[in-house]
1. From the cross-link list LYS168/LYS318; LYS45/LYS221; LYS168/LYS217; LYS142/LYS211; LYS142/LYS217, which pairs have alpha carbons spaced over 32 Å apart?
2. What does the highest-first list of 280-286, 188-194 look like by mean Cβ count within 10 Å?
3. Heavy-atom accessible area per residue, the range 45-181, 1.4 Å probe: how many Å²?
4. Based on the mean of other Cβ atoms within 10 Å per residue, sort peptides 150-163, 203-216, 69-82 so the most packed one is first.
5. Tell me which chymotrypsin sites (Phe, Trp or Tyr not before Pro) from the range 186-262 have a DSSP coil assignment and no more than 12 other beta carbons within 10 Å of their own.
6. Helix-only estimate, please: 222 nm mean residue ellipticity of the chain, summing -39500 (n - 2.57) across DSSP H runs of length 4 or more and dividing by its residues, to the nearest 500.
7. What's the ranking of 95-107, 16-28 by average number of surrounding C-beta atoms within 10 Å, highest first?
8. From the backbone phi of the range 294-302, what are the Karplus-calculated ³J(HN,Hα) couplings (6.51 cos²θ - 1.76 cosθ + 1.60, θ = phi - 60°) in whole Hz, Gly and Pro given as x?
Amino acid sequence: MALSSFDIDAPRWDQSTFMGRLKHFFNITDWRTVVLPDSRLDEAKALVESCRAGSIPPGTTEDQLHYAKKLYDSAFHPDTGDRMNLIGRMSFQVPGGMAITGFMLQFYRTVPAVVFWQWVNQSFNALVNYTNRNAASPITPKQIGVAYITATSTALATAVGLNLYTKKAPPLVARWVPFAAVAAANCVNIPMMRQQEILNGIAVTDENGNKLGHSTKAAAKGITQVVISRVTMAAPGMIVLPIIMQRLEKYKFMQRITFLHGPIQVMMVGVFLIFMVPAACSLFPQRCSMAVSKLEPELRDSIRSQYGDRVQQVYFNKGL
């Protein structure tokens, strides 16, 4: 294929299938991309934009174009094209998530430790949710603050309440408290951080990218899918790992190295997240679709009055 006709925005893998999306997200959530300097990311963006303009530098190979698109997708927002903050990128989920989750699972016994690590986790989640929002729907600093405080309060109330409630429960039940808090907070944090989308709707387009209007129902569908993905992302590590650790801690060699239990859990969470971050992101297509018939009546009637039956589906970026 001549590179002059190379479509850099064409998916390398079939995005209509889970396996195609899984390969895509394994590619762009690669944690190694977070250690690259901004200058290298900006070079990748420049190459992507040159390719889009049909002006590929001489000597550029197809592999270089694919790698540039990988860096671009991992570091730049799909709506704005702006470079995202490092901590909020999905490629930072493995190093950031493994550290925070590992310590949440290790320090779950005392209320001060629960409060501190849940606060750290929700601060991290708030930044990730803001970074990966649908940027076509702006959010004010006040709304960000309310979302952060609400989600953090939910996580702390859930964690502390369950921590006290499970004092007499089997040890394994207490180890699952952090996951319950994380799941509850995700159900609050993400909708609150993206409340503008719910209130005002998000832009929907036809299959060719032509804007058709704004839909609150599309926003609700996209945000619901993101909540499910985030809870799924955390579930295996936070449910299975406590079972593993409880069994390991019965062995004498583990009892002699209690100071290493935290680092061990951090590393084991990392193993889970390397697979679960791309898998959870792949559950639903990022370019989400919705039948025109399921839109709010005003938008549905508007689309049908302009396009008749030619437009049966609308498309939108659900975020991550």
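The values are calculated or read from the model by the stated rules, or taken from the named source; none is laboratory data. It should be emphasised that the depicted structure is a prediction, and the values quoted were computed from it without experimental measurement. Reconstructed Cβ throughout: ideal geometry from the backbone, glycine too, with neighbour counts over all protein chains shown. In case anyone asks, the SASA skips ligands and DNA or RNA and just uses the protein heavy atoms, side chains included. Shrake-Rupley method; radii C 1.70, N 1.55, O 1.52, S 1.80 Å.
1. LYS168/LYS318; LYS168/LYS217
2. Numbers: 280-286: 20.4, 188-194: 23.9.
Output ranking for 280-286, 188-194: 188-194, 280-286.
3. In whole numbers, the range 45-181 has 45 Å² accessible per residue.
4. For the peptides 150-163, 203-216, 69-82, the packing ranking is 150-163, 69-82, 203-216.
5. Taking the range 186-262 and a limit of 12 other Cβ atoms within 10 Å, the loop chymotrypsin sites (Phe, Trp or Tyr not before Pro) found are TYR251.
6. It lands at -20000 deg cm²/dmol.
7. On the way: 95-107: 21.6, 16-28: 16.8.
Output ranking for 95-107, 16-28: 95-107, 16-28.
8. Per-residue couplings from phi come out as 9, 6, 4, x, 4, 5, 4, 5, 5 Hz.
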